[in-house]
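Here's the structure, in structure tokens; my notes come after.
The values are calculated or read from the model by the stated rules, or taken from the named source; none is laboratory data. As the structure is a computational prediction, the values presented were derived from the model and not from experiment. Here Cβ is always computed from backbone atoms with ideal geometry, including for glycine, and neighbour counts include all displayed protein chains.
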Amino acid sequence: MTRTLSSIAASIFSKCAPAFRRGLPECAAALALLCCLSGARGAAAPSQSAQVAYDAAARVFRIDAAKTSYILGINEQGQVQTLYWGSRLPASDHFAAAKAMPGMASFDPPITTTPEEFVGWGGGLAVEPSLKITFPDSARDLTLKYVSYAIRGNQLSIQMKDIAREVYVTLAYEADGETGILRRSAEVENRTDAPFTIEQVSAATWNLPSGTDYRLRYLTGRWAGEWNVQEQPVNPGKTVLESRRGTTGAQNNPWFAIDHQEDGDPEHGGVWFGALAWSGSWQISIEQDMLRQVRVNGGPNSFDFAYRLQKGERFQTPYFYAGYSSEGIGGASRLLHRFEIDSLLPHAPKPKLRPVLYNSWEATEFRVDEAGQMELAEKAATIGAERFVMDDGWFGQRNNDHAGLGDWYVNPQKFPHGLKPLIDKVHALGMDFGLWVEPEMVNPDSDLYRKHPDWVLNFPGRPRTEGRNQLVLNLARADVRAYVSAFLDKLLSENDIAFLKWDYNRNWSEPGWPDVAAEDQKKVYVDFIRNYYAILADLRSMHPAVEIESCSGGGSRVDLGVMRLTDEVWPSDNTDAYDRLLIQNGFTYAYAPGVMMAWVTDSPTWVNQRTLSLEYRFLSAMQGSLGIGADLSKWTPEELARASKMIAQYKAVRETVQRGALYRIISPEYEREQSVTESVARDGHEAVVFAFLHSSRELYPFPRVHPRGLDAGSTYRIAALDGHLAADTPVEASGAYWMEHGADLELRGDFQAAAFILTRTAAEPARP
Ligand code: GLA
């Protein structure tokens, strides 16, 4: 029966698809009904627990996935309106038809008060629009009404159209059955007979349930101080998180989470969260309107933006992902981590575990050469590194940051025989080889700039402002894209390279694109990023074994857009193991520990001149993907021996750290003296706890640690990984004991650290 309906649905879909694209509602409805009945799967195979359904009588769409329901309907005005977003509701619950909100006197008409899924700027809209267009006759009015829909497995698309003009918008929804995270985007299509200009466009508008006690969390930062978690009440008015930098930036990160202010426990209460997958200038606005309704809009930044859409062209927005957790901010982070690992990263659902890498930057800076790198490689191999990465300085005339960017040939003075002898040596030592590149940049002191001064972003006749003595190549240009693609392909084809650290060390300035028509120059904000993604995608398909890290002077290019195309990210140039606790804490609100590179570097650190023990530095870095960034040529035999032991310990627990569920047992926020994190393996067989003390005070003991996420009824054996457990700690106890009674650590003094593992004993039944 199912198979028959599936095949009927598939055949109807192929017949109806062109009609649907033209916006014929009847065909789409028939198709959707059949797809629902048959469970026919679309291009993206829906998970078992994601369902999309349409109630034709009430004109209500229902998306149920994992523990979340998202409901929307078509109201009597033909607007698409949000009806519910929160915990999953029983299928037996039915929603009444959507009804537009009443206006608030003559000043706030229903267009402003109704929580629409996507609203054009027109008809007196006073809140943030999802889309704003200027037409050639200078009209700037857009009123979108429902036209048709289609359902394919876990995907819903809804087509809307302006009341008069041939402007179509298709909203796309895809539900993830594992996490309930929804992926939304919008496509704007110009079927008029002339170009028009998009001045603002959201990937999605998210409407929260009415509430007056919301709290917003977001991330702020700067170079060497990324990933600060901010909290503020959501009040009437608007908060805009954004980047105007041409890239993701560290000042804000494109992530938000909203919960209720009274929810103090990080593991309880409802949280609505989202992340925009865009690595260019972006904005997310969180707005509470005059009826205290909260809406969140996100997309490319509208500041200095315009995108002229020619007749017949379509504009596809980036994706905006959002989800709901009833398990507090901790649960929200875990859903995002799981989604990233299982559904987003290039090799999802089985991204390779991150190897322990060595990176030469802090050891040598630009002073790289064959002998020095070989010596470091030997040391790195002895302590158990699996990947050796040569950082900046190996190419062109790159002896400092004033020259060489753009000239991607191996420096003949430093590497007279090319890279091969070094790569061979690294392989012989049992490691793979990685290399640093910064493809989108050029130093004015380079052969490339001397040959192509017109390739950079610039306004003719105006200064070209440098950052770190470099300019930004205009990747939106076809010739620049071709150059970058070609040199990377050549580098990877001629050398046995397993990994690229792709850096990006400045923001944009003077973002001109003089070679295109004045009306098209601001397209650079989108076309640059699309070409960046295209280069990454091409490179991955030409060299599928190569892994890539996204770095931008630290953590300035970390977002779900770049994470679809890279295997790991660099959160910060700040490698001080104490500062890192706060940096890593903020990072993991949005992004998985498994992609978070963390190096052990020398002490005292260059950042704060702080002296920290080797153990402290290791345990701090072991909470993410471990790397070594120290000058190993200066380490004593004892330090090397200690390092090899800790690297071996990390390898034994890395799957749990990189793929497991993260619990912030004690967050280092609010100037706390302690920080404790716990990672629980997917199958619950193991938990790893890392604990840090800033300073003991007044004889107070270190707070008792209460792990979470264990099987209450199973027995777990405890073992110190580093540091000491209290003498009276039992060797084995139930999950309930560890979670309820807790474990005591002997931590006293300044900058102390410890770690322990809980292992489920073999006799116990495995988790279902
Ligand atoms: C940036 C990166 C560093 C290092 C240098 C090299 O600052 O974040 O890790 O690669 O560039 O110039």
Check your understanding: Is it the case that the stretch 329-339 has a residue that's away from the ligand (no atom under 16 Å from the Cβ), out of contact with any His (no Cβ under 6 Å at 6 or more places or on another chain), closer than 21 Å to residue 298 by Cβ and β-branched (Val, Ile, Thr)?
Key -> yes
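One line per residue, one yes/no per condition, for (1) out of contact with any helix residue (DSSP H, G or I) (no Cβ under 9 Å at 6 or more places or on another chain); (2) acidic (Asp, Glu); (3) within 16 Å of the ligand (Cβ to nearest atom):
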| site | (1), (2), (3) |
| --- | --- |
| 496 | no, yes, no |
| 528 | yes, no, no |
| 546 | no, no, no |
| 564 | no, no, no |
Review point. What strands (runs of 3 or more DSSP E), lying completely within the stretch 706-766, carry at least 1 residues that are at pLDDT below 95 and either of a type in the set (D, E, K, R) or over 28 Å from residue 614 (Cα atoms) (or both)?
Key: 715-722
Check your understanding: Within the stretch 716-745, can you find the residues that are over 21 Å from residue 619 (Cα atoms) and acidic (Asp, Glu)?
Key -> 728, 732, 740
**Study point:** Hey, residue 451 away from the ligand (no atom under 12 Å from the Cβ), farther than 16 Å from residue 501 by Cα, surrounded by fewer than 18 Cβ atoms within 10 Å (Cβ to Cβ) and free of Cβ contacts under 8 Å to residues at least 12 places away in the same chain or not
**Key:** yes
Study note, to complete from the structure: When restricted to 493, 509, the only residue among the polar types (S, T, N, Q) and under 19 Å from residue 434 (Cα atoms) is 493
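Quick one: how many residues across the stretch 234-251 are assigned to a loop (DSSP other than H, G, I, E, B) and among the hydroxyl-bearing types (Ser, Thr, Tyr)? Quick ask: steps written out before the conclusion?
Of the residues in the stretch 234-251, the ones assigned to a loop (DSSP other than H, G, I, E, B) are 234-236, 244-251.
Among the residues that remain, those that are also among the hydroxyl-bearing types (Ser, Thr, Tyr) are: 247-248.
Qualifying residue count for the region: 2.
Scan the stretch 340-368 residue by residue and report those that are more than 16 Å from the ligand (Cβ to nearest atom), assigned to a loop (DSSP other than H, G, I, E, B) and charged (D, E, K, R).
From the stretch 340-368, those more than 16 Å from the ligand (Cβ to nearest atom) are 340-356; that's our starting set.
Right, trim to assigned to a loop (DSSP other than H, G, I, E, B) and you get 345-356.
Residues satisfying the conditions are 350, 352, 354.
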Review point. What number of residues in the stretch 379-432 are under 24 Å from residue 625 (Cα atoms) and within 16 Å of the ligand (Cβ to nearest atom)?
Key: 6
Check your understanding: In this structure, is residue 285 away from the ligand (no atom under 16 Å from the Cβ), polar (S, T, N, Q) and part of a helix (DSSP H, G or I)?
Key -> no
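Counting only residues that are surrounded by fewer than 24 Cβ atoms within 10 Å (Cβ to Cβ) and in contact (Cβ under 8 Å) with a residue 60 or more places away in the chain, which one in the stretch 130-147 is nearest to residue 303 (Cα to Cα)?
Ranking the qualifying residues of the stretch 130-147, first place goes to 132.
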Exercise for review: Pull up the stretch 435-448, narrow it to residues that are away from the ligand (no atom under 13 Å from the Cβ) and part of a strand (DSSP E or B), then point me to the one that is surrounded by the fewest Cβ atoms within 10 Å (Cβ to Cβ).
Suggested key: 445
Check your understanding: Going through the stretch 566-595 one residue at a time, which ones are of a type in the set (D, E, K, R) and either within 16 Å of the ligand (Cβ to nearest atom) or within 17 Å of residue 230 (Cβ to Cβ) (or both)?
Key -> 568, 573, 576, 579, 580
